[in-house]
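See structure below.
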2 protein chains.
Amino acid sequence: MILSTRGRYGLKMMLELALNYGKGAMPLKDIANKQSLSDTYLEQLISPLRKSGLVNSTRGAQGGYELSKQPSEIKVGDIIRILEGSLAPAECVSEGETECSKADYCATRLLYEKIAESINTVIDTITLKDMVDDYHRLNNKTK
Amino acid sequence: MILSTRGRYGLKMMLELALNYGKGAMPLKDIANKQSLSDTYLEQLISPLRKSGLVNSTRGAQGGYELSKQPSEIKVGDIIRILEGSLAPAECVSEGETECSKADYCATRLLYEKIAESINTVIDTITLKDMVDDYHRLNNKTK
DNA sequence: TTCAATTCCTACCAATCAACTAGGATATTA
DNA sequence: TAATATCCTAGTTGATTGGTAGGAATTGAA
Ligand code: FES
Ligand code: FES
């Protein structure tokens with residue numbers, strides 16, 4: 001699996017917050033209940049999202065979390081990279097890493113670069129708004 | 001990292017065998033030396049490749065491994081899937097798995113499907129022959 | 001003012017996985 | 001028969017995953 005629970009749960013959380021966007025703060029417990037996930041675990045995942053500025057938090061009673069900007073401005077790539085780290089196929093293609101010494105003559109690196117590029121294109125093209133739209137399309141069909 | 005050493009070393013091995021294609025069997029120790037990898041570890045990785053029919057083996061002295069078909073007929077996706085398992089982003093998109101019960105109304109699944117599709121397109125388009133060509137282009141430049 | 005709701009933070013834990021290593025049986029050829 | 005290889009099974013070690021536990025700090029409402 002390319003995505004661990006960190007990325008997958010994180011995406012679900014952020015989708016839930018996107019669905020709630022404009023309706024005020026949403027407590028983590030509500031998110032956890034809606035998605036049937038452990039709230040103490042989600043707590044750990046939302047912390048880096050807050051520190052990266054994707055969500056704002058309000059402490060105390062009636063507090064909770066909300067997106068810091070419009071769903072259309074948050075790419076799923078932002079979320080995934082915060083929670084999973086880079087999705088590079090191998091170290092020598094990942095951004096922060098020191099470049100591999102064999103980079104000049106390594107044929108596998110070209111492959112990794114192509115894989116990385118195609119993944120990045122997908123996750124940086126799709127925003128939370130797209131997922132909200134998908135959600136409504138999927139769930140309002142029967143109504 | 002999307003690819004573990006299994007996939008990455010496996011690709012290097014197969015590239016080495018592709019470079020040696022048509023020249024008879026190549027012992028694993030030679031591959032390991034050329035790529036500076038542990039031969040006892042590579043032994044474990046080539047076993048599933050042989051069982052899947054991608055490489056043929058010859059036992060005993062002067063034995064070794066060779067590709068079972070032309071480099072142009074072996075997709076890197078074949079190699080990666082054998083050594084890494086599916087590259088699906090999440091369980092509910094992976095082929096063998098029982099389909100997730102929420103599949104009908106799950107918006108994250110659509111995202112996973114798009115990621116999976118783009119990865120599969122890349123790794124099933126590129127063959128060992130392409131990597132061999134890249135290798136020669138990269139390494140004969142200075143000669 | 002006090003209490004309940006809530007975020008925030010650190011530490012711990014068990015199970016699994018990743019990346020090897022070790023040791024030996026079996027087959028082939030010079 | 002010795003040297004060279006593949007083949008097979010079983011460890012081992014460290015990191016990662018997917019959590020739990022416990023409590024401090026903050027805030028709104030009764
Ligand atoms: S392994 Fe890093 S460039 Fe090839
Ligand atoms: S989690 Fe499986 S379909 Fe959404």
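What follows draws every value from the coordinates through simple rules; no lab data is involved. Just so we're clear, the structure is a prediction, and the values are computed from it rather than from any experiment. Every residue, glycine as well, gets a Cβ built from its backbone with ideal geometry; the counts of neighbours run over all protein chains shown.
Annotations
- Inter-copy separations for B:Lys129, label at 7 Å along Cα-Cβ, nm, ascending: 4.5
- Taking all C-alpha pairs of the range B:5-138, those more than 17 Å from each other amount to 62 percent.
- Chain A residue nearest the axis that carries A onto B, by Cβ, with distance in whole Å, is A:Ser118, 2.
- Counting Lys and Arg as +1 and Asp and Glu as -1 over every other residue whose Cβ lies under 11 Å from the Cβ of B:Gly7, the net charge comes to +3.
- Other copies of B:Lys29: label-to-label distances in nm, shortest first, labels 7 Å along the beta-carbon direction: 6.7
- A compact globular protein would have a Cα radius of gyration near 2.2 N^0.38 Å; the ratio found for the range B:50-89 is 1.39.
- Peptide-level mean, for A:109-118, of C-beta atoms on other protein chains within 10 Å: 5
- Think of it as helices only: each DSSP H run of n ≥ 4 in chain A is worth -39500 (n - 2.57), and spread over all residues that comes to -16500 deg cm²/dmol at 222 nm.
- Simple spin-label estimate for A:Tyr105 and B:Asp104 gives 5.9 nm between the two label positions (7 Å along the Cα-to-Cβ direction from each Cα).
- Electrostatic tally near A:Lys23: other residues with Cβ closer than 13 Å to its Cβ, Lys and Arg +1, Asp and Glu -1, net -3.
- Placing a label point 7 Å from Cα along the Cα-to-Cβ direction at A:Glu113 gives distances to the equivalent points in the other copies of 3.3 nm, listed shortest first.
- Just so you know, the Rg over Rh for the protein assembly as shown is 1.07, from Cα atoms, with Rh as the Kirkwood radius.
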